[in-house]
Amino acid sequence: MLGEPTRDRRAERREATRAEILDAAWAHVREHGLAALSLRDLARSVGMQPPSLYGYFDSKNAIYDAMFAQGAQAFVDGRSSAWPEDPVDVLKQMAHYFVGFCSSDVARYQLLFQRTIPGFEPSAESFAISVRGLTEIIERFASFGITDPAAVDLYTALFTGIADQQISNDPGGDRWIRLIDDAVEMFYGHITTKKASSSKKRRGTR
């Protein structure tokens, strides 16, 4: 039809091949482990010679970086846009989502939240996607009056630890997942008590 932009079929084929390579890479690391990614095996699985991969990704770390971006985007896209009114319920919802996301895909968890690959650092563009997840936590905390960065650090450390315990010691189960609500309540009780104490001290110095 006149006036419609011309499709770049070559670019479309290139992106389709990149997507196929990344799908194969995910399948490989889920079966063999994140550090076991082999360019030779990856090329074979998509029906090309290893040197041909470099036409799509210039290194193995570039493949990891694209996988990191995909994983980070999946985390952002999977979050709920509907939030409860009670702060404790908000924290529980975020924690259940995070631990469930991590435990549902061990290779993705390792790539996004652990330094499993020696020498790999995500690019600034890929890492910026991941930062959105942390920004969401900071914004939610601020919405109910918690602005201390240490509170965010404690929260992320606590639930990364629960995710790690679940993955390491009860894969496919819920032994540590069952602890999430109790952990949130303890966390919120600690943070609000600390906040009230700090506020009282400030009033006392005036």
By how many nm would the segment from residue 9 to residue 41 grow when fully extended, if each residue of separation counts as 0.36 nm and the alpha-carbon distance is taken off? 8.7 nm
Treating only Lys and Arg (+1) and Asp and Glu (-1) as charged, each at its beta carbon, one finds that the stretch 1-110 has a dipole about its Cα centre, in Debye to the nearest 20, of 500
Take the chain, connect every pair of alpha-carbon atoms lying under 10 Å apart with a spring to form a Gaussian network, then pick out the residue of 103, 45, 130 with the largest mean-square fluctuation. 45
Among 45, 162, 188, the residue whose Cα sits farthest towards the positive end of the charge dipole of the chain, when +1 is placed on the Cβ of each Lys and Arg and -1 on the Cβ of each Asp and Glu, is 188
Cα lying deepest toward the dipole's positive end in the stretch 43-156, options 101, 56, 144, charges on Cβ: 56
222 nm [θ] for the chain, helices only, -39500 (n - 2.57) per DSSP H run of 4+, per residue, to 500? -23500 deg cm²/dmol
Cα axis of helix 9-32 to longest principal axis of the chain: angle in degrees, 0 to 90, nearest 10? 60
Going by alpha carbons, how many degrees (0 to 90, nearest 10) lie between the helix axis of 149-169 and the longest principal axis of the chain? 60
Cα shape, the stretch 1-110, gyration tensor, a/c 1.5 rule: oblate
Theoretical FRET efficiency, 1/(1+(r/R0)^6), r = Cβ-Cβ of residue 62 and residue 153, R0 22 Å, to 0.05: 0.10
Let me make sure I get this right: for the stretch 46-143, a, b and c are the square roots of the gyration tensor eigenvalues over alpha carbons, sorted descending. Under 1.5 in a/c it's rounded, otherwise prolate if a/b > b/c, else oblate. Which is it? prolate
Rounded to the nearest 20 debye, dipole of the chain from Cβ charges on Lys, Arg, Asp, Glu: 620
For residue 92, go through the aspartates and glutamates and keep the ones whose alpha-carbon is under 17 Å away, minus same-chain ones fewer than eight residues off. 136, 139, 153, 174, 181, 182, 185
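Read-outs: derived from the displayed coordinates by stated rules, not from any lab. Only a predicted model underlies this, so the values are computations on that prediction, with no experimental measurement involved. All Cβ positions, glycine included, derive from the backbone under ideal geometry; neighbour counts span all protein chains shown.
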